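The values are calculated or read from the model by the stated rules, or taken from the named source; none is laboratory data. What you see is a predicted model, and the numbers here were worked out from it, not measured in a lab. Neighbour counts are summed over all protein chains in view; Cβ atoms, including those assigned to glycine, are modelled from backbone coordinates with ideal geometry. All accessible areas refer to the heavy atoms of the entire protein, side chains included, with ligands and DNA or RNA removed. Shrake-Rupley method; radii C 1.70, N 1.55, O 1.52, S 1.80 Å.
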Amino acid sequence: MMKKILMLLAIVITICSCNQRKDTEYVINGNAEGVHNGIRVRLAQIDEKGQQVIKDSAIVMDSKFTIKGSVDEPGIYFLSADGSPGNVVFMLENSDITIDFNKEIPMESKVIGSESNKSYEAFQNGMLQFKEEGGAIMTKFRELGNDPAPEKRDSIKKVMEDLRERQSAYPLKFVQENNNTFFSLNLIQLESSRAGFDILKYKDAYESFPEDLKNSNRGQIVKQKLDELYKEYEKTAYLEIGKIAPNFESQTPDGKVVSLKDLRGKVTIIDFWAAWCGPCRRENPNVVKVYEQYHDKGLEIIGVSLDGAPNQKDPKKAWLDAIEKDGLEWHHVSSLKYFNDDVAKLYNIESIPATYILDEEGKIVAKNLRGFALERKIRQLILDL
């Protein structure tokens, strides 16, 4: 009887030990079909500077590999193999995790055993739907042939632009609807380094997280990042949508002074560009098209040139030649001081092309729109007049 009790006790201790290990350690068991013996697999994480840092590695033997360790809390990690393109991206936590490694397309590898990874997979499935929808739109566009009717082309462009807008808004929407997962914390951190990050909406979303997540190590890192971005936001809050655009005065090519307030009462585009800026010059035909279509209906444009780059021998000539060549028949001003232009600094311009769209009251209603998105916004504003 005593022997049976001791055996039962040993089994219970073994089970408890296994459960404790799962709480404090992770074991990644990899299946790497087709990967040669001796290939090294690396586990990495993104540090606070946005750089991948190798945390551990293993050697593939007989199409298998194992990596063991521990993490303080779930987080996004990257698994790669020498000779394979890209990474397996997944949420690592202290548990038994199986990864069926796809050597041809690592991103399509299958990850099992990480509960927190389910949130990441849900996000990826959402992104995949956007990709499939975009593919279907492009297929339809190609089926129209080499010279589709303008109305059909514009219709498809509108659908594609709507898709891009929904895709751009998806990460924030996901965080707002999934504010109880470590992945959403990681997603905020990843998105915070992207252009167009909406600090106010993400800050509000973060505040809705449970206290245990906000007090976690990742939660505190995210809070610090959001606080830093909010301080930066406050410096240029006067440029946010809904604010009255700050007035400025600058010189035209013939030395006259033009003021932004002189254009008050009309829908206005402030277009920051330069003769040396390739993307600006490629966008100019779209701006010309919008101007020709809506100028008689109340649209004005004031182009602010950032010519005066160190490598320009004659920046004024380059500026004037570009105006003429591109057919830019609206107001133009510049101090020819490159990014040190007073108007550019007032409007916090760090790259071009850049645009501010103002309504007839001089209020900022949109920023940095191009192509069809710009035309659609102007059309909406003009029709509302």
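Backbone phi angles across the range 77-84, fed through the Karplus curve with coefficients 6.51, -1.76 and 1.60 (θ = phi - 60°), yield HN-Hα couplings of 10, 10, 10, 9, 10, 3, x, 10 Hz in residue order; Gly and Pro are listed as x.
Considering only alpha-carbon pairs that sit under 8 angstrom and 6 or more positions apart, the relative contact order computed for the range 164-305 is 16 percent.
Helical runs assigned H by DSSP (4 residues or longer) give the chain a calculated mean residue ellipticity at 222 nm of -14500 deg cm²/dmol, each run adding -39500 (n - 2.57) before division by the residue total. The distance separating the Cα centre of the range 74-130 from that of the range 164-242 comes to 23 Å.
Bridgeable aspartates and glutamates around residue 231 (alpha carbons under 16 Å apart, same-chain partners fewer than 8 residues away excluded): 198, 204, 240.
If packing is taken as the mean number of other Cβ atoms within 10 Å per residue, what is the order of 104-115, 228-239, highest first? Numbers along the way, then the final one.
Working: 104-115: 15.0, 228-239: 12.7.
The most tightly packed comes first, giving 104-115, 228-239.
From largest accessible area down, sort 330, 276; use a 1.4 Å probe on the protein chains. Working shown, then result.
Details: 330 20, 276 95 Å².
Largest accessible area first, the list is 276, 330.
Return the Rg/Rh value of the chain, two decimal places, where both radii are evaluated on C-alpha atoms and Rh is the Kirkwood radius. Show your work: numbers first, answer last.
On the way: Rg = 27.8 Å, Rh = 25.2 Å.
Rg divided by Rh gives 1.10.
Residues in the range 130-182 average 69 Å² of solvent-accessible surface per residue, probe 1.4 Å, ligands and nucleic acids excluded. In terms of its Cα atoms, the range 32-186 spans 59, 38, 28 Å along the principal axes, sorted from long to short. Per residue, the accessible area of the range 327-385 comes to 47 Å², computed with a 1.4 Å probe over protein heavy atoms only. For a straight C-alpha distance cut-off of 17 angstrom, the aspartates and glutamates reachable from residue 64 (same-chain residues fewer than eight places away being disregarded) are 33, 56, 82, 96, 100, 104.
Solvent-accessible area of the range 287-330 (1.4 angstrom probe, protein heavy atoms only): carbon and sulfur portion equals 47 percent.
From largest accessible area down, sort 331, 36; use a 1.4 Å probe on the protein chains.
Numbers: 331 70, 36 135 Å².
The ranking, largest first, comes out as 36, 331.
Of the DSSP H helices in the chain, those with a Cα length along their own long axis of 24 Å or more and a mean Kyte-Doolittle hydropathy reaching 0.5 comprise 2-24. Within the straight-line cut-off of under 18 Å between alpha carbons, the lysines reachable from residue 225 are 49, 201, 203, 214, 235, sequence neighbours fewer than 8 places apart in one chain being disregarded. Contact order, relative form, for the chain: 11 percent (alpha carbon pairs under 8 Å, 6 or more residues apart, mean separation divided by residue count).
What does the charge count around residue 42 come to, taking other residues whose C-beta lies under 13 Å from its C-beta (Lys +1, Arg +1, Asp -1, Glu -1)? Please list the in-between numbers first.
Values: positive: 40, 55; negative: 56, 82.
Net of charged neighbours comes to 0.
Given a 1.4 angstrom probe, I'd like the percentage of the accessible area of the range 79-221 that is carbon and sulfur, rounded to a whole number.
Numbers: 3850 of 7910 Å².
Carbon with sulfur: 49 percent of the solvent-accessible area.
Remark on the range 199-267: hydrodynamic radius 15.5 angstrom, per the Kirkwood mean of 1/r across alpha carbon pairs. Listed values for the range 29-43 are Karplus-derived 3J(HN,Hα) couplings in whole Hz (6.51 cos²θ - 1.76 cosθ + 1.60, θ = phi - 60°), namely 9, x, 9, 10, 4, x, 8, 5, 4, x, 5, 8, 10, 10, 9, and x replaces Gly and Pro.
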